[in-house]
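Asks: Before we start, here is the structure in question, set down as structure tokens.
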Amino acid sequence: MSHTAADEAPVAETHATNEVSARLHGTDARGRRITRVVVIAAFVLIAALVFLLLISQPVEDPQRITIGFSLNSLFVWMGGLHPLVQIPVVLVLFGVAVAVLLVLIEYAPRPGRGYFVMRLVACLAIPALAFLLLRPYSNAVLYVVAIALLAGGLLFFADYRSRQGAGYLFQLILFMAPATIMLLIGLIYPAISTFVKSFFDKSGANFVGLDNYFWVFTNPTGTASVINTLIWALLAPTIAVGIGLAYAVFIDRARGEKLLKVLVFMPVAISFVGAGIIWKFMYDYRQGDQLGLLNAIVTMFGGDPVNWLAVKPIINTLMLLVVFIWTQTGFAMVILSAAIKAVPAEQMEAAELDGTNAWQRFTNVTVPGIRSSLIVVLTTITIASLKVYDIVAVMTGGRDDTTVLGFEMVNQQQRFQSYGHSSALAVVLFIFVLPLIIYNARSMRKQREIR
């Protein structure tokens, strides 16, 4: 059966349309190359506009531009309402924002001219409105609008040429936007701002280079905070995990195991502030009748009362460490006890048949079997010890060389209004914590690969 030219024409037209569609959506090598070039060029242009905005000459007494209302005016208006009215207003505004987001996620990715226009308007209007709601200064409006429109246009272009089809990237960005915005506002921006402020003086006006970091490692207060933090990070997790592991092994399958666990776990439910107050009474020092349990025991045997929280060096820091270890031992015990129970009984029986004693079974069977749990508990308690604040603030206020990085960071900012020193201490603390975070992330990735 023969085919005429009229029959072959629609087929050729369909192939041509498919080829154009493939190029438009970036599913072939050429289309991906074009998309990559345009995206890179747009990113460079946006970065250039941001740079020009930052270096633009300031205007004396610049006016803020508004589109009739702004986030600031909204919060001011809400602040003037009755507290009982503020709650439903916040819920309504939150509901409207969620509803708009869900409508865009549900309908905008659909194929069709109307949905195409919806995506285009959303990509261009949402960034522009978001920037304008922040009320930029008059000399920055053009830059802000240009950056917003470029960012929206870039999103629309990349979405349109997505390999998965138009609407896929748009939907993905909408899903990620709330969490991303919260991370940017609550984590990334403060981290960058803190790092930048660490190179300026206490007022944040004059650049001083590395002077704040030299202060951290040469000033007695800064040096004491670094040394004490290292002592906390080395001793606290080691002792807490050691005691917790020993307790978990000895009470494993013992009579009254649940009650014994509860007794050790109870301090975990107490806040650091509460634990600090409890132990401050334990260490209480006074002349005459002793209120503190420790000094009551000392005087009962004929000794003189000791001001435990003022004994330097190291002793008072160790007294504070006892409080932290007391609150963390129960946590280590519970996690490690569960891990011990997960060790296969067959391995223990096989080791026992081989003639090993209890210590050999513990070191060669139990410990390797709970290695991942040990690492998690050690790193968790270490990070908690590095950022400790409450215990030091409640019990000593950083006096007598008991200060640590977490406490001194807040102390320098609130008491001395020294933002440079406070920021430098925060950066040093982050450097101490960073290796533990990286190690944890790598361990979790390896466990996922094994599974």
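The values are calculated or read from the model by the stated rules, or taken from the named source; none is laboratory data. Just so you know, these numbers come straight off a predicted model, no measurement behind them. FYI the Cβ positions are ideal-geometry reconstructions off the backbone, even for glycines, and counts take in every protein chain you see. Calculation scope for accessible area: heavy atoms of the full protein, side chains included, ligands and nucleic acids excluded. Shrake-Rupley method; radii C 1.70, N 1.55, O 1.52, S 1.80 Å.
Asks: Quickly estimate the mean residue ellipticity at 222 nm for the chain, helices only: each DSSP H run with n ≥ 4 gives -39500 (n - 2.57), and the total goes over all residues, rounded to 500. Don't skip to the end; give the middle numbers.
Replies: Working: 20 runs with 317 residues, N = 451.
So the helix-based figure for the chain works out to -23500 deg cm²/dmol.
Asks: Here's a follow-up. Over the Cα atoms of region 121-204, each weighted equally, I'd like the Debye log10 I(q)/I(0) at q = 0.13, 0.17 Å⁻¹, rounded to two decimals.
Replies: For region 121-204 at q = 0.13, 0.17 Å⁻¹, log10 I(q)/I(0) is -0.58, -0.87.
Asks: Same structure, new question: What percent do you get for the relative contact order of the chain when only Cα pairs under 8 Å and 6+ apart count?
Replies: On the way: 471 pairs, mean separation 75.0, N = 451.
Rounded, it is 17 percent for the chain.
Asks: Related question: Got the relative contact order for region 97-243 handy, in percent, Cα pairs under 8 Å and 6 or more residues apart? Can you show the working numbers first?
Replies: Details: 86 pairs, mean separation 23.1, N = 147.
Value for region 97-243: 16 percent.
Asks: Follow-up. Rolling a 1.4 angstrom probe over the protein heavy atoms, how many square angstrom per residue are accessible across the chain?
Replies: Values: 27630 Å² over 451 residues.
So the chain comes to 61 Å² accessible per residue, rounded to a whole number.
Asks: Shifting gears a bit: Under 5 Å between amide hydrogens, which residues at least 5 positions from residue 418 or on another chain qualify, with H placed 1.01 Å from N in the peptide plane?
Replies: For residue 418, whose amide H was placed from the backbone, the distant partners under 5 Å are 413.
Asks: Hey, could you grab the Kirkwood Rh for region 129-283? Inverse mean 1/r over distinct alpha carbon pairs, Å, one decimal.
Replies: Details: mean 1/r = 0.0442 Å⁻¹.
When all Cα pairs of region 129-283 are included, the Kirkwood radius is 22.6 Å.
Asks: Provide the packing ranking of 389-400, 316-327, 206-217, i.e. peptides ordered by the mean count of other C-beta atoms within 10 Å per residue, highest first. Intermediate results must be reported in sequence, preceding the final value.
Replies: Working: 389-400: 19.5, 316-327: 21.4, 206-217: 15.1.
Top of the packing list down: 316-327, 389-400, 206-217.
Asks: Taking the Cα centre of each part, how many Å lie between region 109-129 and region 180-202?
Replies: So the two Cα centres are separated by 33 Å.
Asks: Could you run the Debye sum over the Cα atoms of region 304-434, one equal point scatterer each and no solvent, and tell me log10 of I(q)/I(0) at q = 0.14 Å⁻¹, two decimals?
Replies: -0.78
Asks: Now, a different point. Take the Cα gyration tensor of region 348-424, multiply each eigenvalue by 5, square-root it, and list the three semi-axes largest first, rounded to whole angstrom. Walk me through the numbers on the way to the answer.
Replies: On the way: eigenvalues 438, 32, 11 Å².
Over the Cα atoms of region 348-424, the semi-axes work out to 47, 13, 7 Å.
Asks: At a Förster radius of 45 Å, what calculated FRET efficiency corresponds to the Cβ-Cβ distance of residue 129 and residue 230, to the nearest 0.05?
Replies: Numbers: r = 49 Å, r/R0 = 1.09.
With R0 = 45 Å, the Cβ-Cβ based efficiency is 0.35.
Asks: Next question, about the same structure. Out of every Cα pair in region 303-359, what percent are spaced more than 12 Å from each other? Could the numbers behind the result be given before it?
Replies: Working: 1219 of 1596 pairs.
Pairs farther apart than 12 Å: 76 percent.
Asks: Can you give the FRET efficiency for residue 181 and residue 414, using 1/(1 + (r/R0)^6), R0 = 41 Å, r = Cβ-Cβ distance, to the nearest 0.05?
Replies: Working: r = 28 Å, r/R0 = 0.69.
My answer for the efficiency is 0.90.
Asks: Still on this structure: So if R0 is 30 Å, what FRET efficiency would residue 299 and residue 254 give, r being the distance between their Cβ atoms, rounded to the nearest 0.05?
Replies: On the way: r = 37 Å, r/R0 = 1.24.
Computed FRET efficiency for residue 299 and residue 254: 0.20.
Asks: Dividing the convex hull volume of the Cα atoms of region 198-292 by its residue count, what figure in Å³ per residue is obtained? Before the final figure, lay out each step's value.
Replies: Details: hull volume 18.2 nm³, N = 95.
In region 198-292, the Cα convex hull volume per residue is 192 Å³.
Asks: Sticking with this structure for a sec: Rounded to whole Hz and in sequence order, give me ³J(HN,Hα) for region 149-157 from the Karplus expression 6.51 cos²θ - 1.76 cosθ + 1.60, θ = phi - 60°, writing x for Gly and Pro.
Replies: 5, 5, 5, x, x, 5, 4, 5, 5
Asks: Using modelled amide H (1.01 Å from N, peptide plane; none on Pro or chain starts), what sits under 5 Å from the amide H of residue 200, excluding residues fewer than 5 places away?
Replies: Amide H neighbours of residue 200, under 5 Å, 5+ apart: 208.
Asks: Let me ask something else about it. If each residue of separation counts as 0.36 nm, what is the full-extension length gain between residue 430 and residue 145 once their alpha-carbon separation is subtracted? Mind dumping the intermediate values first?
Replies: Working: separation 285, 0.36 × 285 = 102.60 nm, distance 3.56 nm.
Gain in length upon complete extension: 99.0 nm.
Asks: Still on this structure, I have one more. In whole Hz, with x marking every Gly and Pro, tabulate ³J(HN,Hα) for region 83-91 from phi via Karplus 6.51 cos²θ - 1.76 cosθ + 1.60, θ = phi - 60°.
Replies: Karplus-based 3J(HN,Hα) across region 83-91 equals x, 6, 7, 4, 4, x, 5, 4, 5 Hz.
Asks: Run the accessible area of the chain with a 1.4 Å probe and give the carbon-and-sulfur part as a rounded percent.
Replies: Working: 19130 of 27630 Å².
C and S fraction of accessible area: 69 percent.
Asks: Continuing with the same structure: Between residue 268 and residue 173, what length comes free when the chain is fully extended (0.36 nm per residue of separation minus the Cα-Cα distance, one decimal in nm)? Show your work: numbers first, answer last.
Replies: Details: separation 95, 0.36 × 95 = 34.20 nm, distance 3.99 nm.
So the extension gain works out to 30.2 nm.
Asks: Can you compute the modelled spin-label distance between residue 40 and residue 89, with each label point 7 Å from Cα toward Cβ, in nm?
Replies: Label at residue 40, label at residue 89, 5.0 nm between them.
Asks: Using just the alpha carbons, could you tell me how many Å³ per residue the convex hull of the chain encloses? The partial results should precede the final answer.
Replies: On the way: hull volume 140.3 nm³, N = 451.
Value for the chain: 311 Å³ per residue.
Asks: Let me ask something else about it. In the chain, how many lysine pairs have Cα atoms under 24 Å apart, counting only pairs 8 or more places apart or on different chains?
Replies: Working: 197/387; 202/387; 258/341; 261/341; 280/312; 280/387; 312/387; 341/446.
Lysine pairs meeting the criterion: 8.
Asks: Take the alpha carbon gyration tensor of region 66-108, find the square roots of its eigenvalues, order them as a ≥ b ≥ c, and report rounded if a/c is under 1.5; if not, report prolate when a/b exceeds b/c, else oblate.
Replies: Working: a/c = 5.36, a/b = 1.61, b/c = 3.34.
Because a/c hits 1.5 or more and a/b fails to exceed b/c, region 66-108 counts as oblate.
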